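What follows is a single structure, written as structure tokens, with notes after it.
The values are calculated or read from the model by the stated rules, or taken from the named source; none is laboratory data. Fair warning: this is a prediction, and the values are worked out from it, not measured in the lab. Because the Cβ atoms are built from the backbone with ideal geometry, glycine has one as well, and the counts that use them run over all protein chains shown. The accessibility values were calculated without ligands, DNA or RNA, using every heavy atom of the protein model including side chains. Shrake-Rupley method; radii C 1.70, N 1.55, O 1.52, S 1.80 Å.
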Amino acid sequence: MITVLQAFGLSTDSVVEPITSGIINSTWKVKSPRGNYILQRINDHVFANPEDIHENIAAIAQYLKKNYQHYLFPAPILSLEGSELVKIPGKGYHRLFPFIAGTHTINVVENNHQAFEAAEQFGRFTAYLGGFDITKLKVTIPHFHDLTFRYKQFLESIQKGNPQRVKEEQSLINRLVKLDYLVKQYEAITKNPAFKKRVTHHDTKISNVLFNEENNAVCIIDLDTLMPGYFISDVGDMMRTYLCPVSENEEDISKIIVRPSFYYAIVEGYYKEMKNELTAVEKNHFFYAAQFMIYMQAIRFLTDYFNDDKYYQVLYQNHNLVRAINQTVLLERLMDHEVEFKKVIL
């Protein structure tokens, strides 16, 4: 850690505190005599080409600075050698961000206002970038939200994964395979010209939004998965992570519920910024967005469990299984509201 701090010109006696909310990258808050910062180590097993991430961020930062100077976009801080990325042999790639004073993150959405504010921020980000040429963006994780690809991985893990784990979870497999029509619906979307590819964040959990002391959203953070994508990715991930009062790590399924008012807040907040960007067909797919993302995450967690936990960080042996069950239950409880939620067409 000392070598990393030195690379960015920070005092070696800086206080470094881990931030444990993420499951891909490692993150710390750095308190130094020069100020406070956010330090991250990029998981280069997940992000095979970290340089691509920063090419994307630089391109977006330049566009926003030119067209929306008032927009708060926390860009990485350059190292002493003038690079956004510092590679430490044996310890991977690191980057440093400014810590925005007077802001904080939250891990679980507590009220409708927070859901609305976050959805508005992610919608504004995509709307502002409506004129950006998405062909300039690098794909940082191939097939990241490609449900066809993820479903194929799921089926392969059933055939080639840990046989004991697969055998024990046949009931859960059956519950998820019965919902494969969601994959077919996704495939129809990819062929429909009414669905547009835009600049998409792809990781819209609430911890990727900074809030001020008045509990209003200030900006979005964590742009590693910034790529061309469909709106269902951003809206769907908000639905997946905001609707339920407990996280994907909750083992007690009785606590997994869907809060309708939060669904309405997400739709209203995102639509406020994106109403002139979305097509009529897209506006009718908010409910599918929720199904799409929760289903995909359920099969991804179970796939990783069958593959002996090679992708997601786990804290105990059955952690990915708990996550997969959690997301399957959340999807089933979401679908109990299908008629009600599908009436919300703006």
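Below are the figures for this structure:
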| item | result |
| --- | --- |
| Failed item, numbered, when Arg95 is tested on (1) over 26 Å from Glu268 (Cα atoms); (2) outside any loop (DSSP other than H, G, I, E, B); (3) open to solvent by 60 Å² or more (accessible area, probe 1.4 Å) | (3) |
| Test result for Tyr71, at pLDDT 85 or above, surrounded by fewer than 15 Cβ atoms within 10 Å (Cβ to Cβ), within 23 Å of Asp234 (Cβ to Cβ) and among the hydroxyl-bearing types (Ser, Thr, Tyr) | yes |
| Any hit, the range 310-317, residues being crowded, with 16+ Cβ neighbours inside 10 Å, farther than 16 Å from Val267 by Cα and hydrophobic (A, V, I, L, M, F, W, C) | yes |
| Selection count, the range 204-226, where residues are farther than 14 Å from Gly269 by Cβ, part of a strand (DSSP E or B) and open to solvent by 10 Å² or more (accessible area, probe 1.4 Å) | 2 |
| Residues that are open to solvent by 40 Å² or more (accessible area, probe 1.4 Å), polar (S, T, N, Q) and not in a helix (DSSP H, G or I), drawn from the range 255-293 | Asn276, Asn284 |
| Residues located in the range 105-146, provided they are open to solvent by 50 Å² or more (accessible area, probe 1.4 Å), among the polar types (S, T, N, Q) and in a helix (DSSP H, G or I) | Asn112, Thr135 |
| Positions within the range 330-346 being under 23 Å from Lys255 (Cα atoms) and open to solvent by 10 Å² or more (accessible area, probe 1.4 Å), in sequence order | Glu332, Arg333, Met335, Asp336, His337, Glu338, Val339, Glu340 |
| Test: residue in the range 24-41 that is free of Cβ contacts under 8 Å to residues at least 60 places away in the same chain, closer than 17 Å to Ile220 by Cα and over 24 Å from the mean Cα position of the chain (by Cα) | no |
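Here's the yes/no breakdown for (1) touching a strand residue (DSSP E or B) at 6+ places or on another chain (Cβ under 9 Å); (2) open to solvent by 30 Å² or more (accessible area, probe 1.4 Å):
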residue	(1), (2)
Leu39	yes, no
Asn49	no, yes
Ala61	no, no
Pro76	yes, no
